[in-house]
Amino acid sequence: MAQGVMIIAEQRDGDIRKISYELTSEGKRLADASGQELTAVLLGSNIKDKAALFGKYGAKKVIVADDPRLAKYTTDAYASVIAQIVKAAGPAILLLGASSQGKDLAGRLAAKLGVGMAQDCTKFAVEGGKLVATRPIYAGKAYAQVSYDDSYPNMATARPNVMAIIPPNDALTAEVVDAAFTLDDSAIKTKVVDAIKDESGKVDLTEADKIVSGGRGMKGPEGFDVLEKLADAIRASVGASRSAVDAGWRTQNDQVGQTGKVVSPNLYIACGISGAIQHLAGMSTSKYVVAINKDPEAPIFQKADYGIVDDLFNVVPALTEEIKKVI
Amino acid sequence: MNIIVCMKQVPDTEAQIKIGPDGKSIAENDIKWVMNPYDEYGVEEALRLKEKFGGEVTVIGLGPKRVAESIRTALAMGADKGILITDPALDGSDSLAVAKALAAAIKTVSYDIIFAGQRGVDDDSGLVGAAIAEYLDIPQISIITKLEVSEDGKTVKANRPVEGETHVVEANTPVLLTTQKGLNEPRYASLPGIMKAKKKPLDEKTLESLGLNAAEFGKDARKLKIVALTPPPQRAAGKIIDGDSPQTKAAQLAKLLHEEAKVI
């Protein structure tokens with residue numbers, strides 16, 4: 001009988017990624033709700049000293065796969081090792097992050113394990129021993145509630161920035177164990193030959209706590225200067241609408257929306273963005289939305305918690321100064 | 001070099017999505033069906049590789065008969081032939097079942113590179129590409145924005161943006177690549193292209209003709225069950241901040257964000 005909740009933590013270059021704590025916190029909540037225990041799984045190289053940390057977030061056990069071949073994420077090595085760990089432990093629920101790593105892994109691992117897999121979920125519950133997941137579809141134009149057949153584990157990825165992180169408790173500890181696995185070099189068919197850091201040095205939009213975004217109303221690439229200044233003042237990342245990206249003002253990496261990134265920040269400030277349905281879909285899980293636009297009829301105001309109808313080139317610099325006064 | 005492009009037909013991204021009467025699917029009336037935008041990058045990249053290396057581009061779609069129209073669009077762009085897997089038993093299949101059927105059809109064609117869109121803009125699952133690679137036991141590189149293929153066509157090097165950096169990943173062919181916006185600018189079908197496409201081969205396959213067992217497909221065989229679809233949660237009406245100048249409005253907003261929303 002499948003038992004327990006398992007989460008797959010993430011590290012990059014030896015640093016534990018934030019999504020790992022989101023998964024541990026949510027995993028603990030689901031484990032408590034179903035009277036089960038939480039196991040965290042950590043893959044990497046020289047990573048074992050980081051494992052105990054997951055105990056403070058409620059993991060009862062941490063399974064560590066420590067191997068130089070796991071230093072950098074590759075689909076084949078990670079899918080193979082995780083599949084072995086999952087088969088040995090037999091969890092009822094398996095959670096990963098809907099990060100670039102988790103999304104790459106999810107299809108491969110689900111096919112390997114032959115189980116149902118729910119991508120990019122924003123809410124979980126346990127009913128009758130099965131995971132029930134809520135996931136936005138059509139980029140958030142509809143929500144699907146999904147559950148599983150009788151095969152285990154029930155597998156899902158959690159959207160970054162959505163699951164609340166519980167405060168760590170120093171009194172809690174986890175048993176740290178080495179994973180038993182075999183890994184054949186010839187089975188690793190891809191190789192990461194280079195990793196190029198983004199020039200902006202800012203947090204990726206999918207993980208950002210705050211986003212300042214600009215659209216057609218920015219009038220040109222230099223229009224984004226005012227947004228960059230506001231972003232610097234509040235430590236936000238800068239996003240863009242599709243029209244700003246298609247006009248060549250910003251790179252594809254900055255696009256928010258149905259054919260760009262789906263984001264869930266605490267604060268989303270939309271400047272000069274009218275709010276096409278595809279854009280609204282990409283930012284609908286933001287907690288607070290601010291719209292600044294000259295056009296009072298712009299659909300973005302229907303989705304905004306706070307709106308200012310005025311010229312953004314006057315409002316945004318003033319807002320930057322006012323914010324500096326209050327923080 | 002033989003290239004396969006997996007193609008899904010999806011509602012146009014302009015479409016308003018309404019829930020159907022069963023509460024588990026979308027209302028399909030008034031929907032304009034198009035090629036999944038992410039698959040267009042796969043078609044374009046396949047055509048560019050064909051122009052350089054020669055060979056054949058095969059587009060494989062799955063679904064009801066209307067999917068043939070989107071395959072014809074790819075043929076009009078320049079692909080050589082199409083395969084449509086169509087079978088009433090496929091209705092309501094989940095991602096893994098779809099991947100299984102596509103993998104079975106892919107095995108009937110010779111291939112060096114397979115392209116699939118990084119996700120369908122309908123279900124947003126992004127599972128099919130990786131699952132096909134698993135079923136074919138070939139490597140995958142997902143969500144790529146740049147591709148280089150060696151002169152001998154034996155190795156690929158792809159850029160894959162991950163949070164805060166871009167990984168450059170290498171693999172030997174055969175390989176499956178999932179395509180992201182930024183990879184290229186897909187061409188439009190030309191008028192002569194559209195005329196030619198009408199004469200290009202488009203084979204229909206059923207589950208049986210692919211040697212598959214219909215019982216493993218369709219709604220009842222789903223491993224991921226749909227409980228219900230609902231409209232998205234509505235945001236409560238917001239506050240429009242009034243004031244006699246941009247400065248006074250900005251000052252009020254700063255105060256609200258700090259004191260009421262507590263986000264700064």
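The values are calculated or read from the model by the stated rules, or taken from the named source; none is laboratory data. Note that this is a predicted model, so its numbers are computed, not measured. Cβ coordinates were reconstructed from backbone atoms using ideal geometry, including for glycine residues, and neighbour counts include every protein chain displayed. The area values use the complete protein model at the heavy-atom level, side chains included, leaving out ligands, DNA and RNA. Shrake-Rupley method; radii C 1.70, N 1.55, O 1.52, S 1.80 Å.
Some notes on this structure:
- Test: residue B:68 is aliphatic (A, V, I, L, M) and farther than 14 Å from residue B:203 by Cα: no
- Leading residue by the ranking (nearest to residue B:227 (Cα to Cα)) among those in the range B:18-66 that are free of Cβ contacts under 8 Å to residues at least 60 places away in the same chain and β-branched (Val, Ile, Thr): B:31
- Per the listing B:138, B:143, the residue uniquely in contact with a Pro (Cβ under 6 Å, 6 or more places away or on another chain) and facing another protein chain (nearest Cβ under 8 Å) is B:138.
- Taking the criterion of being open to solvent by less than 60 Å² (accessible area, probe 1.4 Å), closer than 25 Å to residue B:184 by Cβ and of a type in the set (Ser, Thr, Tyr), the residues of the range A:214-261 that qualify are A:241, A:243, A:259.
- Here residue B:226 passes the criteria (1) aliphatic (A, V, I, L, M); (2) open to solvent by less than 30 Å² (accessible area, probe 1.4 Å); (3) in contact (Cβ under 8 Å) with a residue 40 or more places away in the chain except the one numbered (2).
- Flag if residue A:270 is more than 8 Å from chain B (Cβ to nearest Cβ) and not in a helix (DSSP H, G or I): yes
- Selection of the range B:188-204 for residues being touching a helix residue (DSSP H, G or I) at 6+ places or on another chain (Cβ under 6 Å) and charged (D, E, K, R) yields only B:200.
- In the range A:161-202, residue nearest to residue B:169 (Cα to Cα) [restricted to those that are among the charged types (D, E, K, R) and part of a loop (DSSP other than H, G, I, E, B)]: A:189
- Output for the range A:262-271, where each listed residue is modelled with pLDDT of 95 or more and open to solvent by 10 Å² or more (accessible area, probe 1.4 Å): A:266
- For the condition within 29 Å of residue A:78 (Cα to Cα), within 14 Å of chain B (Cβ to nearest Cβ) and in contact (Cβ under 8 Å) with a residue 40 or more places away in the chain, residue A:198 qualifies.
- Failed condition for residue B:122, given (1) crowded, with 20+ Cβ neighbours inside 10 Å; (2) more than 7 Å from every other protein chain (Cβ to nearest Cβ); (3) in contact (Cβ under 8 Å) with a residue 40 or more places away in the chain: (2)
- Within the range B:239-256, the set of residues being open to solvent by less than 40 Å² (accessible area, probe 1.4 Å) and at the interface with chain A (Cβ under 7 Å from one of its Cβ atoms) comprises B:241, B:246, B:249, B:250, B:251, B:253, B:254, B:256.
- Taking each residue of the range B:91-107 that is under 15 Å from residue B:218 (Cβ atoms) and within 11 Å of chain A (Cβ to nearest Cβ) and looking for partners that are among the basic types (Lys, Arg) and buried (at least 24 other Cβ atoms within 10 Å of the Cβ) with beta-carbon atoms closer than 7 Å, six or more apart or interchain, yields nothing.
For every residue, the table says whether it meets (1) closer than 15 Å to residue B:46 by Cβ; (2) open to solvent by 20 Å² or more (accessible area, probe 1.4 Å).
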site: B:100; (1), (2): no, yes
site: B:129; (1), (2): yes, no
site: B:137; (1), (2): no, yes
site: B:145; (1), (2): no, yes
site: B:162; (1), (2): no, no
site: B:169; (1), (2): no, no
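- If you go through the range A:82-111 and keep only what is more than 22 Å from residue A:11 (Cβ to Cβ) and free of Cβ contacts under 8 Å to residues at least 40 places away in the same chain, you end up with A:87, A:111.
- Residues within the range A:111-153 that are surrounded by fewer than 19 Cβ atoms within 10 Å (Cβ to Cβ), among the small types (Gly, Ala, Ser) and in contact with a Gly (Cβ under 8 Å, 6 or more places away or on another chain), tallied: 1
- All of B:163, B:151 fail the test of being farther than 15 Å from residue B:119 by Cα and within 11 Å of another protein chain (Cβ to nearest Cβ), apart from B:163.
- The range A:36-70: number of residues that are part of a helix (DSSP H, G or I), in contact with a Leu (Cβ under 9 Å, 6 or more places away or on another chain) and more than 17 Å from residue A:5 (Cα to Cα): 4
- Flag for residue B:207 being at pLDDT 95 or above, at the interface with chain A (Cβ under 8 Å from one of its Cβ atoms) and either under 13 Å from residue A:323 (Cα atoms) or open to solvent by less than 60 Å² (accessible area, probe 1.4 Å) (or both): no
- Test: residue in the range B:38-54 that is open to solvent by 30 Å² or more (accessible area, probe 1.4 Å), more than 16 Å from the chain's Cα centre (by Cα), under 17 Å from residue B:180 (Cβ atoms) and modelled with pLDDT of 95 or more: yes
- Residues that are touching a Lys or Arg at 6+ places or on another chain (Cβ under 9 Å) and either open to solvent by 10 Å² or more (accessible area, probe 1.4 Å) or outside the structural domain of residue A:39 (by TED's automatic domain parsing) (or both), drawn from the range A:76-88: A:76, A:80
- Options A:133, A:187: the member that is without any contact (Cβ under 8 Å) to a residue 40 or more places away in the chain and either within 14 Å of another protein chain (Cβ to nearest Cβ) or on the phi > 0 side of the Ramachandran plot (or both): A:133
- Residue in the range A:153-160 that is within 11 Å of chain B (Cβ to nearest Cβ), small (Gly, Ala, Ser) and part of a strand (DSSP E or B) present: yes
- Qualifying residue in the range A:93-105 (condition: open to solvent by 10 Å² or more (accessible area, probe 1.4 Å) and among the acidic types (Asp, Glu)): no
- Given (1) open to solvent by 40 Å² or more (accessible area, probe 1.4 Å); (2) under 24 Å from residue A:164 (Cα atoms); (3) assigned to a helix (DSSP H, G or I), index of the condition residue A:26 fails: (1)
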